[in-house]
């Protein structure tokens, strides 16, 4: 009995098995070529539908691709909204996907309205039937908040009151008021001019003051300059601790310089006249 117990205590125990880890397969060149070949086949099935893109293969791929995630990187005005619109129509027309299962979200209201217009014409449906599926980020997120939170939006009158309180609270702080003034002149003044000219026979905001071009724009160092661009450069140099001077008089721009320059020109002209006379005399 004792031998049995010792045998059980001294026997080698099996090591615990390590869990099997399944590594995610890497996308090989074969997989990419297979996807491209498949997308080419999809493009060939509907040439008329994709004729608007001409020879742009990448845009056509973005429309017909079956990948779960597609990232389209393109610059402004290159046709991203057009690709998104075509993909919406492609999924409904060619892939039998219900429009109620598609959500298209854009940044601007203009882009969303343009998408609604194009898709409604292509699918022969009312634009009102697509407004829940094609949204801006703002309206989509706002609809989610309304479902889960109790709040109200501030109307324009209350917004003005809040801004008035903020201005009154900080009106004695010169830095904040200067920053606010710079923001208005840089970003809002042109828009205010346009709106004022549209709705008033006698505009309150004049296009150009009488002292236009004079040194009126203040910099951080207190030196006035003539333009906002010069102000920004001056403020940048000041923030770096560099010394600068604005419109420093040039040392050589005096009467003696112009007198010397005039004498040199006369001397050069006289040499030219003498050389011409000598040449004619030798002939």
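Laboratory data are not the source of any read-out in this text; all were calculated from the coordinates shown. In this text, all values refer to a predicted model and were calculated from it rather than measured experimentally. In this analysis, Cβ positions are derived from the backbone assuming ideal geometry, glycine residues included, and neighbour counts consider all displayed protein chains.
Remark: 177, 115 ranked as 177, 115, counting other beta-carbon atoms within 10 Å and listing the fewest first. Projecting the alpha carbon convex hull of region 60-137 along each direction and taking the average yields 5.1 nm². Quick one: Cα centre-to-centre distance for region 140-201 and region 91-127, in angstrom? If you average the Cα positions of each part, the centres end up 33 Å apart.
Footprinting exposure proxy ranking of 114, 245, 44, fewest other C-beta atoms within 10 angstrom first, gives 245, 44, 114.
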